[in-house]
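The structure appears right after this line, and notes come after that.
The values are calculated or read from the model by the stated rules, or taken from the named source; none is laboratory data. All values derive from a computational prediction rather than experimental measurement. Cβ placement follows ideal geometry from the backbone for every residue including glycine, while neighbour counts extend to all protein chains displayed. With ligands, DNA and RNA removed, areas are computed over all heavy atoms of the protein, side chains included. Shrake-Rupley method; radii C 1.70, N 1.55, O 1.52, S 1.80 Å.
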Amino acid sequence: MSAFISRFAIAAVLMHAASAAFANDIVGRWETGESRVDIYACGDLLCGRIAELDEPLDENGKPKLDVNNPDTALRSRPILGMDLIAGFSRAGKRKWEDGTIYDPRDGKTYKCVIKLQRNGSLKVRGYVGIPLLGKTVVWTRAE
């Protein structure tokens, strides 16, 4: 009986390690076109924050703020360093879902699906309701 438990424990550890390895497929810095986003593990899920902006300053030379946020208490927070994506869980070998993505340009949070493409890029699809009603952008691994 203890041999069975030992094998089960080893199998569980290996499955967890394999799951972590798959998550690591997209962990790192990604180029979005106007920013770089760091994707990282947050518990068993994946999250991401804005690590760099192409234009971090507003027209007055001050750091860009989250002025479009519907929560007035958050409108004074800098965009640089803010959490952008949250709550993604693995839904397949190359797919993460059940997460959200925040767009500081309109202050809205969208449901989101992320797919790792065979060429190494990420398809990030934000949507309202169902994925069919959304927009896809492609992120590339930053150097």
Revision key, fill the gap. The condition from (1) touching a Pro at 6+ places or on another chain (Cβ under 8 Å); (2) under 16 Å from Trp30 (Cα atoms) that Asn69 misses is numbered (2)
Exercise for review: Please enumerate the residues belonging to the stretch 22-76 that are closer than 19 Å to Arg94 by Cβ, small (Gly, Ala, Ser) and open to solvent by 50 Å² or more (accessible area, probe 1.4 Å).
Suggested key: Ala41
Point to revise | Members of the stretch 77-92 found to be without any contact (Cβ under 8 Å) to a residue 24 or more places away in the chain and buried (at least 16 other Cβ atoms within 10 Å of the Cβ), listed by number | key: Arg77
**Study point:** Qualifying positions in the stretch 123-143 - small (Gly, Ala, Ser) and surrounded by fewer than 12 Cβ atoms within 10 Å (Cβ to Cβ)
**Key:** Gly129
Check your understanding: What is the residue count in the stretch 59-117 for residues that are farther than 16 Å from Thr136 by Cα and of a type in the set (S, T, N, Q)?
Key -> 6
Review point. Are there any pairs, at least 6 apart or on different chains, whose C-beta atoms fall under 8 Å, with the first in the stretch 46-75 and over 21 Å from Gly99 (Cα atoms) and the second among the small types (Gly, Ala, Ser) and open to solvent by 50 Å² or more (accessible area, probe 1.4 Å), and if so, which?
Key: Leu65/Ser76
Check your understanding: Only one of Leu84, Leu132 is at pLDDT below 95, out of contact with any helix residue (DSSP H, G or I) (no Cβ under 7 Å at 6 or more places or on another chain) and not acidic (Asp, Glu); which?
Key -> Leu132
Check your understanding: Quick one: would you say Gly120 is over 23 Å from Glu52 (Cα atoms) and in a loop (DSSP other than H, G, I, E, B)?
Key -> no
Review point. Is there any pair with a first residue in the stretch 93-112 that is touching a residue at least 60 places away in the same chain (Cβ under 8 Å) and a second that is assigned to a strand (DSSP E or B) and not basic (Lys, Arg) whose Cβ atoms are under 8 Å apart and which are 6 or more apart or on different chains, and what are they?
Key: Arg94/Leu116; Trp96/Leu46; Trp96/Phe88; Trp96/Ser89; Trp96/Val113; Trp96/Ile114
Study note, to complete from the structure: Flagged pairs (Cβ under 6 angstrom, 6 or more apart or on separate chains; first in the stretch 124-143, under 14 Å from Gly28 (Cβ atoms); second open to solvent by 80 Å² or more (accessible area, probe 1.4 Å) and assigned to a strand (DSSP E or B)) are Ala142/Arg29
